[in-house]
1. Considering Cα pairs under 8 angstrom that are at least six residues apart, work out the relative contact order of the range B:193-273 and quote it in whole percent.
2. Over chain B, with a single point scatterer placed on each C-alpha, what log10 of the ratio I(q)/I(0) does the Debye formula yield at q = 0.07, 0.08, 0.09, 0.12 1/Å?
3. At 7 Å along Cα-to-Cβ for each site, give me the label-to-label distance between B:Val340 and B:Asn138 in nm.
4. When a footprinting reagent is the concern and you count Cβ atoms within 10 Å, what order do B:Tyr395, A:Tyr120, B:Tyr46 take, fewest first?
5. Which of B:Lys187/B:Lys335; B:Lys194/B:Lys335; B:Lys194/B:Lys415; A:Lys85/A:Lys173 have a Cα-Cα distance over 18 Å?
6. Report the full-extension gain for the segment B:Glu458 to B:Val381: residue separation times 0.36 nm, less the Cα-Cα distance, to one decimal in nm.
7. Sort B:Ile328, A:Ile195, B:Ile274, B:Ile425 by Cβ crowding within 10 Å, fewest neighbours at the top.
8. Can you tell me the Rg and Dmax of the range B:367-509, counting just the alpha carbons, in angstroms?
Amino acid sequence: MTSVIPTDEKPNDLATEKSEHADHRLFGLVSFLVADGMTFAGFFAAYLTYKAVNPLLPDAIYELELPLPTLNTILLLVSSATFHKAGKALEKNNSIKCQNWLLITAGLGIAFLASQMVEYFTLPFGLTDNLYASTFYALTGFHGLHVTLGTFMILIVWWQARSPGGRITNLNKFPLEAAELYWHFVDGIWVILFIILYLL
Amino acid sequence: MSISVPPSTNKRSASLQPQGWLRYFSFSLDHKVIGLQYLICGFIFYLIGGALAGAIRIELTSPISDFMPRDVYNQVLTLHGTIMIFLWIVPVVNGAFGNYLIPFYVGARDMAFPRLNAVAFWLIPPAGLMLISSYFINGAAQSGWTAYPPLSITTPASGQIIWIISVLLLGGSSIFGGINFIATILKLRRPGLKLMQLPMYCWAMLGTSILVVLSTPVLAGTLILLSFDIVAHTGFFNPSLGGNVIVYQHLFWFYSHPAVYIMVLPAFGLVSEILPVHSRKPLFGYVTMVYSIMGIVVLGLVVWAHHMFTSGTPPWMRLFFTIATAFIAVPTGIKFFNWVATLWGGRISLNSAILFSCGFIVNFVLGGITGVALAQVPFDVHVHDTYFVVAHFHYIVYGGSVFVIFSSIYHWYPKFTGRLLNEDIGRLHFLITFVGFNLCFAPQHWLGLNGMPRRVAEYDPQFTFVNQLSSVGALLMALSTIPFLWNVFYSAFKGKQSGDNPWQALTPEWLTSSPPPVENWVGEAPLVVEPYGYGKSTPVTDSKKPIEIKEGL
């Protein structure tokens, strides 16, 4: 094993540092997702409290249309499955198949964002119209930000898997695993958000 | 899990050690450098926050507002609170000592994520400078460290927005640090080291980090919503737009009550390290200490609404949060009695470190008693938003956490530098701090009980004398930093050589050289199964040769 001592020229070389201990990055990511989930929990708690104690004037009540968000839910759930497929393909060392599944997942993410955009443009209320309009845009917007980040992550992973050196292989699949975990998390949040915001 | 700690056979390590002072200004990944970066950066902000506190006390020596304009007074008290909490106590009790000590305690060569660690530190100086600079750009935030709407929405927006961005950055730094500590303590332990053999500070940091990871994001989300209210004129917390200020208070205190434990739990851990060493006795009740910490973590998450008894809180909520809050006194009381029992019958050397730790015990029990009193609704309604709350809070965070920080500096200074601090000056520092602190804050209990509201620049003339008394105490506290700073600077160059283990301590960080080599240990990390095995004949490590502890200083 190489020494873990940083050298003069390159004081903190990544390679030496990695040799020191097992890879705990996924554990760190899970801790981060717990923290991120708590941000959403705060938002959900605020929204539910508003619903309970801040009744809205009747003329401001607007029934949200269900078809588009239902389509969105299906898009995200399917994308979770396709991401899982990509991971399985990588386990079988089938890089091409993995890349294709990644592309499909990214495509579904983009489709979700596009569909969300269509919903935004067709809604009859704006950000500052009333409290519910504000919470609606804050919740879906914050989630949309996560989907956007996730889509970029998938594209980066796809790019790395595509590169001829093979930066993502069965032996080094942390980027893919991390992106997958994050993507499942974002999907899970959407399911809760869909139930609370659209169905309740 | 493979934690390989290969012997440092590399000859470069020795030549690497004196890297000079410049590394403290670099993006160093060494946990010891990052720890000291946190400590020194935090102390600079402590001096700034202290100067602001001094300005507040000068203003309050006379009942009329004559020292500074009223809006400046509001800015000063907001910055004082924010700086002291987010830039001094939280980074120092967590970041500074956590980074320095935790890798030693778990037998690792560094933290789990060194790069994230450095990022977490380097978020702090820019955030702090930004916060302070907001004073020069159209005025700083004026709504106190709590930033309650609608006050925070109606006061000048630029200062408030800069405040929000700074706190978001500092919260991010805190979360990154928390993730790192959890991973380091749970995943990076040396093979053979069991959880229940860890020094108490590890448990304190584990509990604190859980609180950080669970509660800080909620504050972040809340402040993002608040910034929408200020910038985009949404109405989340603005009653005139249909919003609800109580929701802000709930979300805010969901973070900010655990924040008190984030400030004081690590201090509990540090005291538990210092007392056994200087009284030459094992830490009393190790297991109960661990369960107390975890009990405080769990209870600490469900007591936040005791800050809101006067916010129209429904009766069932008042009842629940009163009982939950009173329950916290149980694990805290257990810890208190364990510390006293650790001291009991020990061979106590009355040096600066243990003086400050004992000062902590005294102050903290006073702050704890007023805390239980404040949990009772009838009493709380009477003294809410008065100086009684200010006194209680400062007994916890200054009398508690800051005393422990000083105690820890006296205790670990030889570890940082290889030199001892001057004990006579240290005792003088303790005396001035202890007298000054109690003179400053004890009279404020009386002020609060008699109805002097907090956060105001003017007050009823009948309170003048007691306020002046308090200001004299504040002056003593300000003066107390002079011997301390002189001691730290002088001893760094001319202090007595300490040797590797001046306290003859048994916790792992003392079983290497002082200051430690870049990789913490030459050779393998020792397996310390009994970090508090003072006065016992059984071996405390698994190594065949006994640990050599030189007698005397």
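Read the figures in this text as sums done on the coordinates, not as results from a lab. Just so it is clear, the model here is predicted, and its values are computed rather than measured. Backbone-built Cβ (ideal geometry, glycine too); neighbour counts: all protein chains shown.
1. Answer for the range B:193-273 is 46 percent.
2. So the normalised log intensities work out to -0.39, -0.51, -0.65, -1.18.
3. The modelled label-to-label distance comes out at 5.4 nm.
4. Ascending number of Cβ neighbours within 10 Å: A:Tyr120, B:Tyr46, B:Tyr395.
5. With Cα atoms farther than 18 Å apart: B:Lys187/B:Lys335; B:Lys194/B:Lys335; B:Lys194/B:Lys415.
6. Separation in residues times 0.36 nm, less the Cα-Cα distance, equals 25.5 nm.
7. Fewest to most other Cβ atoms nearby, the residues stand as A:Ile195, B:Ile425, B:Ile328, B:Ile274.
8. Radius of gyration, then largest Cα-Cα span, for the range B:367-509: 19.1, 57 Å.
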